[in-house]
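See structure below.
Please treat every number below as a calculation from the coordinates, not as lab data. Since this is a predicted model, take the numbers as computed values, not measurements.
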Amino acid sequence: MKTLITLNDKHHIKAISPYVDGFIFGASKFGARLACQFDMDEVNDIISQVYALKKEVFIQANQLMMDEELREFKDFLKQLPLDKVTGFIVSDVGVVQVLKKFNLGDKVVYHPETLLANYYDLNMFAKDHIYGAYAAKEITYDDLKILSEHKETKLFMIGHGHLNMFYSKRNLIKNFKTKYDLNDDLHLDYDLKIVEENRQDEAFPILEDEAGTHVFRSHVMHVLNHLDELKNMIDYLVIDTIFKDSDYALKIAQIYQNPNDQEKIEALKNSYQEQWDEGFFYKKTIYKQKVSI
């Protein structure tokens, strides 16, 4: 099992690299929920840095793209040193088709967020000889185990971070700002949180980026207690550092190399005032239907 980390500071690649096998990053125009927004020149610089360190390079291009954006994505690909890129993490099947036309089908990492929860769907995409795909973030441990036993392509999963639980392509924060005549620029503000009236004790991170508006779980998911089992089940474990800084990224990468250092774990949680849990690993998602009598 390899470990990947989302990049939130291009100046700390060398410091983090000994503890991970690769980095995930992307251009703000094509990536959604990026840990840091990078422009075209920065993307090429990061690719060179990561490749020189002999680490794997994954470009996050997971926006749902309209026709004009797909055309711009083609131009984006033409500016990349494609031989140095391990894979493209995408959510839109239209983007998958573009990559195929560039003979990059074997670099596709399909990440449809909640959809890949069984091995039939996973292996349907494997028939196209893609590089790999993400398991649904709501998947339970038992379901992941079954999926891993039958997979025919590389399996990715988010193992640490704030899981995204709501997405709208609309700029909801901008609409809120307009309605209440607020002057603050809240676009790409990584410090915003939303609190529900019936859940006053939880603050959910919310972000508006080029892709739209995203709301995340308040707790940080982790799989530190299951690394031994996961080594035989998945190919790539992803640490997502969105809303964190480079110091956090370094420390969490070190912790996943040495998950038994409880003192460091507690120190990190206390320093960032975080609550960690195991997400949906042992909790199935149940929809209760309201019945009218």
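Across region 164-216, counting alpha-carbon atoms alone, Rg and Dmax equal 11.1, 30 Å. When the inverse distances between all different Cα atoms of the chain are averaged and flipped, the Kirkwood radius reads 19.9 angstrom.
Stokes-Einstein diffusion of region 47-176 at 10 °C, 1.306 mPa s viscosity, Kirkwood radius from Cα pairs, rounded to a whole number: 99 µm²/s. Across region 243-256, coupling constants 3J(HN,Hα) worked out from phi with the 6.51/-1.76/1.60 Karplus curve, θ = phi - 60°, read 6, 10, 10, 5, 5, 4, 4, 5, 5, 6, 5, 5, 5, 6 Hz, and Gly and Pro carry x. Of all beta bridges DSSP finds with both residues in the chain, what is the antiparallel percent, to the nearest 5? If I count the DSSP bridges inside the chain, around 30 percent turn out antiparallel. Straight-line cross-link partners of K269 among the lysines, defined as a Cα under 16 Å from its Cα and at least 8 positions apart when in the same chain: K244, K251. For region 1-54 versus region 195-214, the inter-centroid distance based on Cα atoms is 26 Å. Per-residue ellipticity at 222 nm computed for the chain from its helices equals -8500 deg cm²/dmol, with DSSP H segments shorter than 4 residues left out and the rest contributing -39,500 (n - 2.57). Under 27 Å of direct C-alpha separation, and excluding same-chain neighbours fewer than eight residues apart, K100 reaches these lysines: K2, K29, K54, K55, K74, K78, K84, K127, K137, K151, K154, K169.
Distant-in-sequence amide contacts of V220, defined by a placed amide H-H separation under 5 Å and a gap of 5 or more residues or a different chain, comprise Q275, W276, D277. Here the Debye sum runs over all C-alpha atoms of region 43-109 as equal scatterers in vacuum, and log10 of I(q)/I(0) at q = 0.12 Å⁻¹ comes out as -0.28.
3J(HN,Hα) along region 216-226, derived from phi through the Karplus expression 6.51 cos²θ - 1.76 cosθ + 1.60 where θ = phi - 60°, amounts to 10, 5, 6, 7, 8, 6, 9, 10, 4, 7, 10 Hz, with x in place of Gly and Pro. Taking the alpha carbon gyration tensor of region 119-215, multiplying each eigenvalue by 5 and rooting it gives semi-axes of 36, 17, 10 Å, largest first.
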